[in-house]
Structure formats: C-alpha cells, structure tokens
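Enquirer: Just dropping this structure here.
Coordinate-derived values only; no laboratory data. Quick caveat, the model's predicted, so the values are computed rather than measured. Using ideal geometry, Cβ is built from the backbone for each residue, glycine included, and neighbour counts are taken over all protein chains shown.
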Amino acid sequence: MNPLTINGLATLSAAGDRPEALAQRVADLAGAAHPGVPVGAIVTEALPHPQGQALLDFDVRARLGRRGTSFYDRATALAVVACGDALDDSGLTVDDTTRTRIGVVLGTTVGSLKSTSDYTRETLVQDKPYLVNPVLFPNTVMNCAAGQAAIRHGLKGVNATVTGGPLAFFNALRYAGNAIRRGYVDTMLVGAVEEFSAHRAWASALGPTGGAIPAGEGAAVFVIGGPADSGGPADSGGPADSGGPAVCAATTGYGPDGTAEQALTDCVARALRAAGAVPGDVTLLATSETVTAGPRPQRDAALRALDGHRPAELVVSRAAGDCGAALPALALAAALREPGTRSGLTLLTAHGTDGGVGAALVRR
C-alpha cells in the first residue's frame, strides 16, 4: 500500500491532554505499571477497584463551551476534543474549499457502554409508556462520537465508526486508507476512543486478564493523508521513503480455536511484505497487552514473525490503563512522541478475545 502520511495527532489520556505526556509517563515507569488514581469523584456506582486510569480534571465545557455540549456523553466529549486538537496540530484549515474532502473514522468497542446501559435501564424502571428522556437516545448510537466530531468541526467528508475492541483501530486505519486511495476524501481523521465508567471497569475486571491493569479511558486521533496521497497508482512505498511519519501497512486476521498466536505471526509477516520492510527495519514493538507479569502472547507472536530480531518494547497499558479499542491508538501516539530520536518502523499489534488479530507498521 502507499504510505499514508500522518500530519497531526492528539491524545487525551490519564497522563494528560498531550501525547508527549503519555510518552513521558511510559518512559518514566520503566516497565512498571501505574497504580491509577481514585475515581470516586467521577463515578458514583460501585466499582470493582477504587483506582482507575481516568481524566479526573477533564471538562468538555471548559474546552468547548456550553453550547452544543450539554448532552455529550463522556466518549463523545473525548472524541470531539481530540479531533479538534488533532486538526490544530496538523495546521489544516477547514473551510468551504476543504471541508467536503475531510472525513472521520473512529474505532470503539461498543460506543458508550454507559449511555446504552443507562438508557436501556430507563425502559425497565420508568413508568409506562417508558418515559425515558428522548434527548439521551442519540448517545446510544455507536456513531455518536464520530458524527458529533464532524458537526462540531464542520467536516463533511466520509464519516464512519468501526467496532471491534482491540482491532477497531486497525480496521479504522484500513477504512481510512481505502477512502483516501479511492478518492472519496483527501484527508481522514482516524482514531479510537473509550470512556471510563463503572460498566467498563467491571468489564475489564471480569475479563480474561482479571483486571491486572486498571480500567482506563482515552482518545487518540491522527490526521492522515492529503491530496498527494489520494488516487493514482501506488508508489514505491516502504520504509525507505523519505519524509515524516506515515502508516505503511495495516493488516488483520482471525485465528479461532487456539490458533490466534499463529494468526498474529502471519499478520505481522503480511504487514512487513505490504510495507516492503524486513524485520531489522522494526525498531519498536508496541503491543496492546494488559498484563504485568506472566505470558505475553502478543509479544511472542510478533517476535516469531521478526525472525529473531528483537526491537525495543512499549506497553502503553501500564501507563494508560485498559483502554479497550483506544489502547493501540494511544500506543501509536506515544511511540511517535517518544522521548529521543529513534527512527525506523513501529510495529503495533492487537489480539482480541475472539481470536481476531491485527498488526500495523508505522514509519517514525
């Protein structure tokens, strides 16, 4: 595939509202895991643990004002702010000549789990005929965050949401690349978002890792592509191309019945071929694992594909918590703003509980 240039990025995470803050926290932890912070101030329901990786001081009204934000749920608020920050970072001007050529695609697990659950509960406990607040219904639609981001920032290009848990960001990258290369848009805001809530905290605690990493929240958005990236035949591509950061390959796969590790190894190998790269070009491995000790199947599967080459590692969940679909996107942002001058390719990996796997190669 043609490398797709990354012209801007933004993150919101427990480490702060800048990707540099997240990257610095990862570096400062030196392999340990951040214990999280008391989250009772933002969550009133019972929690499996009193600690979480949440943005305690996040206030969408302080960032965007009161108008139009009153009924944002937390996921929507995070996404809209992150999209605006990414546009600012890119320097891209949104006006009547460009807005129809700029799109948005966001990855998520199920949208706002809290909004969906709370609205559903209202239909069970309110007096018949189920006197729920209709204004809250739009928040139950998984495309709410992407749609509100486009409305807020005046973007009229392709707009989509991709679910899929840990694989959602990889599929969002592929979706954005297809939209650009087919000429539907010139530029895409592509990212992922998850909110912190009691619902997600319990889902994380009862998941396969047993809450080894505190539940977290975050959003990461990248401005990718431009007129030079859309349409036309593929160029030479690959990591040898000069220039700034770029997405060189994004692949996904499926390994049912205990074959996911081999599927991930194959997925990484396909990404290397698509990028025209060799294992030695990979200088950083960023997994979306949420473990502090014990087996590391993502790492092991990726290293098999790298045929003995062992790059440096980045496990962003240790700094940001279990952020679901947002974790790989946050990992990429931290890798691109990592302290120092590391060059080469970053390899991102993901492994879903259903056997789905994903890999992406990004030029730094």
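Enquirer: Starting with the highest mean, order 36-47, 247-258 by the number of other Cβ atoms within 10 Å, averaged over the residues of each peptide. Intermediate values should be presented prior to the final figure.
Expert: Details: 36-47: 14.0, 247-258: 19.1.
Packing order, densest peptide first, comes out as 247-258, 36-47.
Enquirer: By the gyration tensor of its Cα atoms, with a ≥ b ≥ c the square roots of the eigenvalues, what is the shape of the range 71-112: rounded for a/c under 1.5, prolate for a/b over b/c, or oblate? Walk me through the intermediate numbers first.
Expert: Details: a/c = 2.35, a/b = 1.94, b/c = 1.21.
Note, shape of the range 71-112 comes out prolate.
Enquirer: Moving on to the next point. Please find the FRET efficiency linking A41 to T93, where r is the Cβ-Cβ separation and R0 is fixed at 45 Å, and quote it to the nearest 0.05. Don't jump to the answer; show the numbers that get you there.
Expert: Working: r = 38 Å, r/R0 = 0.85.
The calculated FRET efficiency here is 0.70.
Enquirer: Going by average Cβ neighbours within 10 Å, how do the peptides 334-342, 83-91 rank, with the highest at the top?
Expert: Answer by packing, highest mean first, reads 83-91, 334-342.
Enquirer: Can you give the net charge of the other residues whose Cβ lies under 13 Å from the Cβ of A10, counting K and R as +1 and D and E as -1?
Expert: Details: positive: R18, R63, R337; negative: D17, E20, D85, D88, D89.
Result for the neighbourhood of A10: -2.
Enquirer: Taking R0 as 45 Å, what's the FRET efficiency between E122 and R342 from their Cβ-Cβ distance, rounded to 0.05?
Expert: Values: r = 50 Å, r/R0 = 1.11.
Plugging the Cβ-Cβ distance into 1/(1 + (r/R0)^6) gives 0.35.
Enquirer: Distance from a point 7 Å along Cα→Cβ of H49 to each backbone N in the range 75-119: keep the residues under 15 Å and list them by number.
Expert: Counting only backbone N, you get no residues.
Enquirer: Does the range 263-364 classify as rounded, prolate or oblate by the C-alpha gyration tensor (a ≥ b ≥ c root eigenvalues; a/c under 1.5 gives rounded; else a/b over b/c gives prolate, otherwise oblate)? Don't jump to the answer; show the numbers that get you there.
Expert: Details: a/c = 1.57, a/b = 1.11, b/c = 1.42.
Note, shape of the range 263-364 comes out oblate.
Enquirer: Next question. Just to check I understand the Karplus step: with θ = phi - 60° and J = 6.51 cos²θ - 1.76 cosθ + 1.60, what whole-Hz values come out for the range 300-313, glycine and proline as x?
Expert: 5, 5, 5, 5, 4, 5, 7, 6, x, 6, 10, x, 4, 10
Enquirer: Order of 321-330, 273-282, 305-314, 108-117 by packing, highest average Cβ count within 10 Å first? Please list the in-between numbers first.
Expert: Numbers: 321-330: 31.9, 273-282: 19.0, 305-314: 15.6, 108-117: 22.5.
Listed from highest to lowest mean packing, they are 321-330, 108-117, 273-282, 305-314.
Enquirer: Under a Cβ-Cβ cut-off of 15 Å, what is the net charge of the residues other than T109 that fall near it, where Lys and Arg count +1 and Asp and Glu count -1? Before the final figure, lay out each step's value.
Expert: Values: positive: R74, K114, R200; negative: D73, E194, E195, E217, D322, D354.
For residues surrounding T109, the net value is -3.
Enquirer: A further question on this structure: Specify whether the C-alpha gyration tensor of the chain places it in the rounded, prolate or oblate class, a ≥ b ≥ c being the square roots of the eigenvalues: rounded for a/c under 1.5, otherwise prolate if a/b is larger than b/c and oblate if not.
Expert: oblate
Enquirer: Take every DSSP beta bridge whose two residues both sit in the chain, then give the antiparallel share in percent to the nearest 5.
Expert: Roughly 60 percent of the DSSP beta bridges within the chain come out antiparallel.
Enquirer: A further question follows. What does the helix-only formula give at 222 nm for the chain: each DSSP H stretch with n ≥ 4 adding -39500 (n - 2.57), the total divided by the residues, and the result rounded to the nearest 500 deg cm²/dmol? The partial results should precede the final answer.
Expert: Values: 11 runs with 118 residues, N = 364.
Rounded to the nearest 500, it is -9500 deg cm²/dmol.
Enquirer: When the Karplus curve 6.51 cos²θ - 1.76 cosθ + 1.60 is applied with θ = phi - 60°, which whole-Hz ³J(HN,Hα) does each residue of the range 96-109 get, with x for Gly and Pro?
Expert: 5, 8, 10, 4, 6, 10, 10, x, 9, 9, 10, x, 7, 8
Enquirer: Starting from the 7 Å offset along Cα-to-Cβ, what nm value, one decimal, do you get for the label separation of R296 and D28?
Expert: 2.2 nm
Enquirer: At what distance in nm do the modelled label points of R273 and A312 sit from each other, each positioned 7 Å from its Cα along Cα→Cβ?
Expert: Placing both labels 7 Å along Cα→Cβ, they lie 3.1 nm apart.
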